[in-house]
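Structure record follows, encoded as C-alpha cells.
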Amino acid sequence: MGEWWTTETSMENYEISSISHVTMSPSRRNNLVSMYSFPLSKSSYSVISAFCTEDNIPQCISYINQELASLGLSSTCIEAISPGDTGLSTVPALNAMYELLQIHRRSMCNLEELEREQLRKSSTLEHIQMSNTRLKDQLELSIREKSGLHETERQLQLKIKTLQSCLKTEKDEVQKLQSVIASRASQYSHDAKRKEREAVKLKERLSQLLIDRKDKKLAIDVLNCLGRADGKRRHWKTTKATSSHEDEMYKSLLSDYEASQRSLMLENAELKKVLQQMKKEMMHILSPRQPSTRGATADDSQEQADLDGEAKGGDASRESLDQYCEHAREQLTNSIRQQWRKLRNHVERLDSQGTSQNQLESNKEVIPRETHEDEMERMRCEVQQCREFIHAQQQLLQQQLNTSFDDETAALLNDCYTLEEKERLKEEWRLFEEQKRNFERERKNFTEAAIRLGREKKAFEEDRASWLKNQFLNMTPFTHRRRYSSSDGQSALSISNGKIPGLACFQTKILATLCMNILPRQFLSLRFGNTEVASFAYLHPL
Amino acid sequence: MTNHTAPVSPVSHHRHITRNSCDCKMNFSEVFKQTNQLCKVSPDGKYLATCVQYRLVVRDVSTLQILQLYTCLDQVSHMEWSSDSLFILCAMYNRGLVQVWSLEQPDWHCKIDEGSIGLVSSRWSPDGRHILNTTEFHLRVTVWSLCTKAVSYIKYPKACQKGIDFSRDGRYMALAERRDCKDYVCVFVCDDWHLLRHFETETQDLAGLEWSPNGCVLAVWDSCLEYKVLLYSLDGRLLSTYSAYEWSLGVKSVSWSPSSQFLAIGSYDEKVRILNHITWKKITQFEHPAIIDNTKATVYKEAEKRPGVGSDEMPLHNITMGATLFNTQSKYEICPLPVQIPVVKPDPDRASPKIGISVLAFSSDSRYLATKNDNMATAVWVWDMQKMSLEAVLEQTSAVRCFQWDPLRPRLALCAGNTKLYLWSPGGCVSVQVPTEGGFQVQSLNWHCSGDSLILLGKEQLCLCYMDTDQEDK
C-alpha cells in the first residue's frame, strides 16, 4: 500500500501521511470513532476528499476494489462508468456502501457487546478482587487467631503439667506423712503396750507381795571386806570432799578445753602461714609479668598501683605483730581474695589472648613457640638421622655376617689358632717354669756337691800333702818325726811352722811350698760359681 | 558352794593352723562349751572366763588351761570381770542373786541377795569394788560396796536403751532419771557416789546417754519418735542440740570416735550423720543407697567356692550332708560398679522396723567407721573418716551377725552366723573357714585386748582364734 502511494506525487505530504496513518492503524479506535461517528468535519472531509481527486479516480477505484476484496466483499466491485470518466456506477457503489454500513453496524454492535461484556467482566473482576482481598484479610486474621489459640493452649498445657507435678509431689508428701504417722502410731502403740504389760506385772507383783508378806530381806554376805582398789583408806563424806569433787570436775573440763584450744591455735597458725605463703606466691606470680609484657593498658597500670599499695599496706611485720587481731585477719583474707581475683583475671586474659590475633602479644608468645617448634623439628631430624644410622649399621653388620661365611670361619679359625697358641704358650711357659725350678734345684745340688767336693779335695790334698810329708819325712833320718804324721789340713802348716826344727825347717819349707803351691790352687779353685765347676773338674783329674 | 582348782586339760589344743591370703597365721583352738554367750576376757588380757550352765570356768588365755572352776547357785544370766581382773561377778536374774568370785583367793565368796525386789541388771563400778544392781521394774539402783558392805540407793532410774554410762577414766557415772514425766540426768562421782550434777534434759523420752572418750561431754539422745541429740558438758551445761529432721523415726544408734572428735549418729532414714566436736554441727552424712555407683570404694562380694574334689576336708565330712553344706569355702571377689545390694523391705506396720543404721563402730585410731544398715543386713559398710567417703563395702552371703574392730589395728572382724570368720583390713579382705568338726556357727565375736586373738562364740560353743600377725600390710 505504501509503495503505491509513493508513486502519487500529486498528493500533499501531510494528507498522505495522515491518510496512511489512518489506514495503517485501524486499531486506533479514537480516530476511527471520530472519523465515523461524527459527521464529517471540515478537516476530515478534507482528508477524505484528499484521498480521491479528479485525477486519481481509477486508482482510487482499484484501490477501493482491492480493499473491498480484502474485506470479503468480492461481489461488489466499483466500476467507473466509463474509463476516463469521473463518475462511478452507482449500484455497485451503493451496494458497497450498504455492505460497508452493514459491516460497520455489525461491528458497532459487536463493539457494544464487547464493551458491555468487558464492563461486566471488569466489574466481576473488581468484585472478585475485592472479595479476594477480603478473604485474604479474613484468612490472615484467622491464622493469627489460630496462633494465638495455639499459644494459649501451650501455656495451658504447661500449667497442667506443673499442676500435675505439684499434685504428684503433694500426693507423695501426703503418702510419706501417712507412712510417718503410721510408723509413729505403731511405735506409740508398741510402747503403750509395753508399759501396760509392765504395769500389769507390777500389779501382780504388788498383789503377790501384799499377800505373801514374807519379805525376803536384801542382804549381802561377804567372807571378808575387800580393800579399796587403789589401796587408800575410805574417806568421810564431807563438804570439803564435795567441793574437791567440783574442783576436780572443773579442772578436767578446763584442761580439756585448754588442750582443744591449743590444738586449734596451732591449726590456726598453720592455716595463717599457708595463707600468707599463698598470698606471697600470688603476688610474686603477678608482679614480674606486669612491666615486661603487654602494652601498658589502664587496667595494668591500675593493677601495678594496686600491687604497690598492697605491698605497702599489708606489711608483714605489722601482721605478725597483731596476729590475733580481728582487723589484721580480715585484712589478710581480703588481700588474699584480691590477689586471687587478680590472678584469676590474669589467667582468663592469658586464655583469651592465646586465641587472639594481637601481634605484640602473639609475637611474644609465638616466637618462643616458633623456636620451640624449630627445636622440636631439629630434634626430630636428629632422632631420625640417628635411627637411620643405627639401621644402616645394623644392615652392614648383618651384611658382614651374612655375605662372608669364609671370613667368619677364618675369623673363627683365627680365633681358634690364637687360642691354641695361647694354650701352647701357656704350656711352654709352664714347662719353662718347671725347668727353671729344676735347674735351680740342680744348681743348688751342684753347688752343694761342689762345696762338698771342694772340701773333700782339700781334705784329699791335705792327706796327700801329709802323706807326701810323711813319705818325705820317712825318707829322712829323722825318725822321731813319725809321731807327727797325723794329717790335718790345718795342722800341716802349723806342724811345719812350729815343731820342725833345723833341717826339718828346710824340708818343711819345701813341704810348705809344696803345700802352698798346691793348696792355694785348690783354694782358688774352690771358689763358688758355675764357671769354676768346670775348672775344678779340670784341676781334679781323680 | 565348792570351788575347785581345776585339773590340767590337754595342752595340745592348737590343732588347726591355717595360713590365709592375708599372710597371717591363724591358729584355731578346739571348741569349748559355753551357755548364754557368756564368755569374757579379763581386762588385763590374761584370763578367759566362761559360763557353762551354773559353772564359771576361768582359763588362761594362751594355754586355755582351766585355772579355776566356780559353781554358782543357779544358771548365770550375766557375768562380768572387775576392772582390776581380780574378781568376777555372776548374776542370776531369776533368783535375784549376785555372786562374786575372787581369782586370787578361790575361797573368798560374796553373795548379794536382792530379796523380793528382784534383779534386772547387775554391773561393776569402775573401781571394781562396788556393784550396781538394777531392781525389777527399774524401781531403784542399789549400790553395794564390797569394801564396807554399805548400801546406797539411786531412785527413779530410767528404763531405756542405755540408762547408765561410766566415763572412760572411771571417775563419773551418768544415770538417766525419769521423775514426774520428765527426764533428768544425774552425774555421780564414782569415788564416793556423791551426786555431782542433776539437770533436766530437753528430751521427750530419753533413750540413751554416752560419755565422750575424753570424759568431758555427755551425749544424750531421744527415743526414735523424735530425732534429737543433746550434748551436755561435764558440769551440766547444754552445749548444743542437733536435730536432722522431724516426724520420721529418728536416732537408732550413736557412737563416739575414740579421739572424741566425732559423734556418729545412725538413724532410721538409713543415713549416718557425723558431728564435729568443735562446733557440734554436722560435717558430713553417709548414705547407704541400694545401688552403689560413682564411688572410689571397693565392693567385696563373698562368693562361694565349689567344694573341690580333692580337698582334705571332704573325706571327713562326706558322712553328713549338712556338714558339707556348712563347710563350703568362700572367697571375696571385687565387684565392678555399679553394684546392687539386696534390700529387704521391713513391715511398715510393725514397731521398731528393721531399717536404719543399727550398728556403728569406729576403729581404734578413729580412721574408719563401720556401719550396718538393717534393711541391707548382708552388707557392712566401711567409711574412711579422713577422706569422709566410702572406703569399702563387704557383701556377705548371709546376714551379718556381729562385727568388731581390732583394739590396736584398723582390722575388722565380722561373722555372719555361718562357719566362717571374715576379716577386713585396708589391704584386703579374707574369709577364713573355722576348722572345727561338726559345723561351729559363729554367732558373735570379741577381740582380745591385745588384738592378737579373737573369741568366736557359737550358740553353745566357743572357739579361740590366735593370730600371728607378722608386720604385714598388703
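The values are calculated or read from the model by the stated rules, or taken from the named source; none is laboratory data. The structure presented is a predicted model; accordingly, all values stated were derived computationally and were not measured. Heads up, the Cβs are rebuilt from the backbone with ideal geometry, glycines too, and the neighbour counts pull from every protein chain shown. Calculation scope for accessible area: heavy atoms of the full protein, side chains included, ligands and nucleic acids excluded. Shrake-Rupley method; radii C 1.70, N 1.55, O 1.52, S 1.80 Å.
Are there any pairs with C-beta distances below 8 angstrom linking a residue in the range B:61-77 that is within 23 Å of B:CYS449 (Cβ to Cβ) to a residue that is buried (at least 19 other Cβ atoms within 10 Å of the Cβ) and basic (Lys, Arg), with the two at least 6 apart or on different chains, and if so which?
Once the first residue is within 23 Å of B:CYS449 (Cβ to Cβ) and sits in the range B:61-77, its partners that are buried (at least 19 other Cβ atoms within 10 Å of the Cβ) and basic (Lys, Arg) give B:GLN65/B:ARG59; B:ILE66/B:ARG59; B:LEU67/B:ARG59.
Between residues in the range A:175-204 that are within 9 Å of another protein chain (Cβ to nearest Cβ) and residues that are assigned to a helix (DSSP H, G or I) and among the hydrophobic types (A, V, I, L, M, F, W, C), which pairs lie under 6 Å by C-beta distance while being six or more apart or on different chains?
Taking only residues 6 or more apart or on different chains, the pairs are A:LEU202/B:PHE137.
Scan the range B:125-153 for residues that are more than 7 Å from every other protein chain (Cβ to nearest Cβ), within 18 Å of B:ARG171 (Cα to Cα) and charged (D, E, K, R) and report the count.
Qualifying residue count for the region: 0.
Look through B:GLU136, B:GLU104 and report the one residue that is closer than 27 Å to B:SER167 by Cα and open to solvent by 10 Å² or more (accessible area, probe 1.4 Å).
B:GLU136
Take the residues in the range B:163-180 that are out of contact with any Phe, Trp or Tyr (no Cβ under 8 Å at 6 or more places or on another chain) and within 12 Å of chain A (Cβ to nearest Cβ), then tell me which one is least open to solvent (accessible area, probe 1.4 Å).
B:GLY170
Test of understanding: among A:ARG437, A:ARG443, which residue is assigned to a helix (DSSP H, G or I) and in contact (Cβ under 8 Å) with a residue 24 or more places away in the chain?
A:ARG443
Conditions tested, residue by residue: (1) more than 11 Å from chain A (Cβ to nearest Cβ); (2) out of contact with any His (no Cβ under 9 Å at 6 or more places or on another chain); (3) modelled with pLDDT of 95 or more.
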{"position": "B:LEU38", "(1), (2), (3)": "yes, no, no"}
{"position": "B:ASP44", "(1), (2), (3)": "yes, yes, no"}
{"position": "B:ARG55", "(1), (2), (3)": "yes, yes, no"}
{"position": "B:PHE87", "(1), (2), (3)": "no, yes, no"}
{"position": "B:ASN94", "(1), (2), (3)": "yes, yes, no"}
{"position": "B:HIS109", "(1), (2), (3)": "no, yes, no"}
{"position": "B:ILE112", "(1), (2), (3)": "no, yes, no"}
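Exactly one of these conditions fails for B:THR324: (1) in contact with a helix residue (DSSP H, G or I) (Cβ under 6 Å, 6 or more places away or on another chain); (2) modelled with pLDDT of 90 or more. Give me its number.
Single failed check for B:THR324: (2).
Of the conditions (1) buried (at least 17 other Cβ atoms within 10 Å of the Cβ); (2) within 9 Å of chain A (Cβ to nearest Cβ); (3) closer than 30 Å to B:ASP180 by Cβ, B:SER122 satisfies every one except a single condition; which number is it?
(2)
Quick check on this structure: which one of A:LEU158, A:LEU111 is of a type in the set (A, V, I, L, M, F, W, C) and either under 60 Å from the mean Cα position of the chain (by Cα) or loosely packed, with under 12 Cβ neighbours inside 10 Å (or both)?
Only one candidate qualifies: A:LEU158.
Here is a yes/no grid of residues against (1) open to solvent by less than 100 Å² (accessible area, probe 1.4 Å); (2) among the polar types (S, T, N, Q); (3) within 60 Å of the chain's Cα centre (by Cα); (4) modelled with pLDDT under 90:
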| position | (1), (2), (3), (4) |
| --- | --- |
| A:LYS422 | no, no, no, yes |
| A:ASN438 | yes, yes, no, no |
| A:ARG441 | no, no, no, no |
| A:PHE478 | yes, no, no, yes |
| A:ARG482 | no, no, no, yes |
| A:SER491 | yes, yes, no, yes |
| A:ILE495 | yes, no, no, yes |
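Check B:ASP406, B:ASP468 and return the single one that is open to solvent by 40 Å² or more (accessible area, probe 1.4 Å), over 20 Å from B:ASN36 (Cα atoms) and among the acidic types (Asp, Glu).
Matching residue, one of B:ASP406, B:ASP468: B:ASP468.
Please go through the range B:197-236 and pick out each residue that is within 9 Å of another protein chain (Cβ to nearest Cβ), open to solvent by 10 Å² or more (accessible area, probe 1.4 Å) and aliphatic (A, V, I, L, M).
Listed by number, the residues that qualify are B:VAL217, B:LEU225.
Residue pairs, Cβ under 8 Å, 6 or more apart or interchain, first in the range A:100-116 and farther than 19 Å from A:LEU71 by Cβ, second surrounded by 13 or more Cβ atoms within 10 Å (Cβ to Cβ). List them.
none
Mind counting the residues in the range B:409-443 that are open to solvent by 10 Å² or more (accessible area, probe 1.4 Å), of a type outside the set (Asp, Glu) and outside any strand (DSSP E or B)?
Total meeting the criteria: 13.
Tell me whether the range B:182-192 contains one or more residues that are part of a strand (DSSP E or B), within 13 Å of chain A (Cβ to nearest Cβ) and buried (at least 22 other Cβ atoms within 10 Å of the Cβ).
Within the range B:182-192 (the criterion being part of a strand (DSSP E or B), within 13 Å of chain A (Cβ to nearest Cβ) and buried (at least 22 other Cβ atoms within 10 Å of the Cβ)), the answer is yes, since at least one residue qualifies.
Just checking, how many residues over the range B:237-256 are out of contact with any strand residue (DSSP E or B) (no Cβ under 8 Å at 6 or more places or on another chain), of a type in the set (Phe, Trp, Tyr) and more than 9 Å from chain A (Cβ to nearest Cβ)?
Result for the range B:237-256: 1.
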